[in-house]
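Scroll down for the structure; my scribbles are underneath it.
Read the figures in this text as sums done on the coordinates, not as results from a lab. As the structure is a computational prediction, the values presented were derived from the model and not from experiment. Neighbour counts run over all protein chains shown; Cβ positions are idealised from the backbone, glycine included.
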Amino acid sequence: MQLYCESLTEYKRLKTREVKIGDLLLGNFHPIRVQTMTTTDTMDTIATVEQSIRCIEAGSELVRITAPSKTEAENLLNIKNELRKRGYSTPLIADIHFTPNAAEIAARIVEKVRVNPGNYVDKKKFEQIEYTNAEYAEEIDRIRERFTPLVKICKEYGTAMRIGTNHGSLSDRIMSRYGDTPIGMVESAMEFLRIARGETYHNIILSMKSSNPQVMVQAYRLLIKTMQDEFGEIYPLHLGVTEAGDGEDGRIKSAIGIGTLLEDGIGDTIRVSLTEDPEFEIPVCKDLVKRYVSSESGVVSREVGKRESQKESLNNSGKSSQLPYSPFEYKRRETFAVDNIGGKHVPVVVADLSKIEKITASHLQSIGYTYDAATDKWTIGDAAADYIFTGNQLLNFALPGTLKVIVYPAAWVEAQDKEKYFPIFSDSGYAETNVKSESINFVMIDCNGNDVENTYLEKIANDPTVVICLSSTNRNAMQSVRSMFAAFMRKNILNPVVLISDSNWQTPDEHLIHFATETGALFLDGMGDGICLGYTSTAQINSLKTTGRTYLEVKDNYQFTNNTAFSILQATRTRISKTEYISCPSCGRTLFDLQETTAKIRAVTNHLKGVKIAIMGCIVNGPGEMADADFGYVGSGPGKITLYKGKEVMKRNVNSEVAVEELINLIKENDAWVEV
Ligand code: SF4
């Protein structure tokens, strides 16, 4: 294993223990299982059964149902019986928080229980207590006493268990000692896992969810390393980004978090949490997983996973385990600035307009620039591209002040305005030419396999005018680009880098997942000073509008890629250009219509750049799970909403009719509001 995965240079699945959930096998190279969770009231047997069936029909291989108390746990039997009566044998999972009693009932009924170690035995009081080692050990003994009965029941009934840590709901004990860090998340799960292993119970799956993909990815990696170091084996992993939200942003956040790990062969089951009906999560799960499925066998890259790597090292020098960066913490790669790219600048967005035959001022509207002919002025949006790539075209209209153009060298020679136009070369072309810009030269390098020894690199490296554009058409594209970054770090090459990703998929969801996975995985590791997204062919562009199966309506392809680029930067927290919403996916505990409310709140706050707003369905878990939101809108009773600033209650039990208005007032009172 290389630090946290089987291979850092090609797709190879991580070997994990095999776990049995009913008749379903998971881990140990079995296909990556997809799952979701119902949003109905668990006491409404028929509604829950029917929603479960819709999820199963959509392809869900496991269905999770909330069991907040003993009554709901008991009703799982009616739900299970009704499903079996209707011919569905899909394993069910009981979702437990706070109530060991409910867990112990559910574990005798369903095939799997999910416990949250942050609140299974502990009540969260947000207390900061200093624990001595003896006091801490006493706490662990207390947990052992409360948790062991559940382990014994699971063992007796053959029930599987997920120890599911959530970044936002760590216990006071963990918070006091480790803070809300990836290490704290890992330790939170390990405490429970050690107890279960002590009982020789191994039918366990683990998860490390967070609404922040950066934290989530680091926590999973750290968990793998910790299990390997401590036990010499790894339990299967359930991947998910919590409270990802809805629409494009929810998909991108999930794709970045889940996709980054899948790319490294990590993950045995996934759930994409969207604030949409649960059956709509399944196609997104499938789109994520199918990138790793061998088309003939339908089996998730088992052959690839088992193949011995020919190229174990990142630099072909045998130093595979010595990464020049830490995959467990975020640190942006050090670069010098070339104009506004690299150094301390936020990553730039380059819009590829080269496939438009004749670019006009109105085309720029798609990428954030609106021209008003009457006043002869441009309005620039928060998500306006910084550069456009036009191929061989020089534009015959005046450009907005902040926008610059990248063209091929022959066109650049013809361009009058050398402050606005900059050339893009192939690596060999740049090495051989004497005609270059004095300020910015873009140089393309195709990361070809793991061959990071680029013939022309010497002439390009640390040239203060060069911005390197990295792309790869390899099967292991992300890994190839990452290997090149690692080589740059080792060789102390400090040029800024723009990541180029082209998609040859078909539907908007597939394109989103492709872009988010390939570039997001790199941004999460601090690699990349710019992003440029495109399609391999014009047919791909046209297909965006014509494909039927999509939940994202694409009216404008260029707007789609531009927004996707900004959303990837937002989700990786490398460039904030809009309001961030952390909304729970809803479940049987939800106290209001989450989808409708999220849409309502979004409509009035989506101009608050950088403000994080959480919309959570219940007061039981909501406040704990809204992570680092600035403001929270949390259901606290039928028709009642409690409003938070950070983790502090500001307005309790507000009538839901006026709650959105009160949220706006709260934002205003805290000087975070701006007029549109
Ligand atoms: S926060 Fe949302 S998803 Fe989580 S338990 Fe409450 S209602 Fe369910």
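Summary table below
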quantity: Kirkwood hydrodynamic radius over Cα pairs of the stretch 14-169, then Stokes diffusion coefficient at 10 °C and 1.306 mPa s, in µm²/s; calculated: 96 µm²/s
quantity: Per-pair calculated FRET efficiency, R0 = 56 Å: R108 and D382 via Cβ, rounded to 0.05; calculated: 0.60
quantity: Potential extension, R142-T473 segment - 0.36 nm per residue separation minus Cα distance; calculated: 113.8 nm
quantity: The stretch 14-134 - share of DSSP beta bridges that are antiparallel (%, nearest 5); calculated: 20 percent
quantity: 20 °C / 1.002 mPa s Stokes-Einstein diffusion coefficient of the stretch 56-135, Kirkwood radius on C-alpha pairs, µm²/s; calculated: 152 µm²/s
quantity: DSSP-defined beta bridges in the stretch 325-433 - what % are antiparallel, rounded to 5; calculated: 35 percent
quantity: Cα-centred dipole magnitude for the chain, charges only on beta-carbon of K, R (+1) and D, E (-1), debye, nearest 20; calculated: 1080 debye
quantity: Ordering of 48-57, 371-380 by packing [mean C-beta count within 10 Å, highest first]; calculated: 48-57, 371-380
quantity: Most positive-pole-ward Cα, L14, T71, Y136, against dipole of the stretch 10-143 from beta carbon charges; calculated: L14
quantity: Acute angle (nearest 10 degrees) that the helix 45-58 long axis makes with the longest principal axis of the chain, alpha-carbon atoms; calculated: 40 degrees
quantity: Residue-averaged [θ]222 nm for the chain, counting only DSSP H segments that reach four residues, each worth -39500 (n - 2.57); calculated: -11000 deg cm²/dmol
quantity: Proximal charge balance of F485 [Cβ under 9 Å; K/R count +1, D/E count -1]; calculated: +1
quantity: Gyration tensor verdict on the stretch 108-215 (Cα atoms; rounded if a/c is under 1.5, prolate if a/b is larger than b/c, oblate otherwise); calculated: oblate
quantity: Taking the C-alpha atoms of the stretch 554-637, convex hull volume expressed per residue in Å³; calculated: 108 Å³
quantity: Relative contact order (percent, whole number), the stretch 1-158, Cα cutoff 8 Å, 6+ residue spacing; calculated: 16 percent
quantity: Distant-in-sequence amide H partners of K612 (H built 1.01 Å from N, under 5 Å); calculated: E580, D630, F631
quantity: Base-10 log of normalised Debye intensity for the stretch 617-662 (one unit scatterer per alpha-carbon) at q = 0.31 Å⁻¹; calculated: -1.18
quantity: Orientation-averaged projected area, Cα convex hull of the stretch 480-625 (nm²); calculated: 11.3 nm²
quantity: Positive-end residue, the chain charge dipole about Cα centroid, Cβ charges, pick of A431, G343, V620; calculated: V620
quantity: Relative contact order (%) - criterion: Cα under 8 Å, at least six apart; region: the stretch 146-207; calculated: 47 percent
quantity: Where GluC sites (Glu not before Pro) fall in DSSP loop in the stretch 111-192, at most 10 other Cβ within 10 Å; calculated: E127, E130
quantity: Dimensionless Rg ratio for the stretch 1-83, taking C-alpha atoms and the 2.2 N^0.38 Å reference; calculated: 1.44
quantity: Other-chain or far-sequence residues with amide H under 5 Å of V654's (modelled H); calculated: I641, T642, L643
quantity: Theoretical gain in end-to-end length, D671 to S69 [0.36 nm per residue, Cα-Cα removed]; calculated: 212.7 nm
quantity: D (Stokes-Einstein, µm²/s), Kirkwood Cα radius, the chain, 0.692 mPa s at 37 °C; calculated: 126 µm²/s
quantity: Radius of gyration and maximum dimension Dmax of the stretch 382-458, Cα, Å; calculated: 14.2, 43
quantity: Value of Rg/Rh across the stretch 343-495 [Cα atoms, Kirkwood radius]; calculated: 1.00
quantity: Helix axis angle, 133-157 relative to the chain longest principal axis, alpha carbon, degrees; calculated: 80 degrees
quantity: Residue-span extension gain [S89 to A461] - 0.36 nm each, minus C-alpha spacing; calculated: 128.0 nm
quantity: Bridge type composition, the chain - antiparallel percent by DSSP, nearest 5; calculated: 25 percent
quantity: Greater than 19 Å apart at Cα, pairs in K612/K645; K155/K225; K555/K600; K80/K152; calculated: K155/K225; K555/K600; K80/K152
quantity: FRET E, pair H202, Q322, Förster distance 45 Å, beta-carbon r, rounded to 0.05; calculated: 0.85
quantity: Bins of 10 Å from zero: percent of alpha-carbon pairs in the stretch 341-430; calculated: 16, 48, 30, 6, 0
quantity: Using a Förster distance of 22 Å, the FRET efficiency for N396-D556 (Cβ separation, nearest 0.05); calculated: 0.50
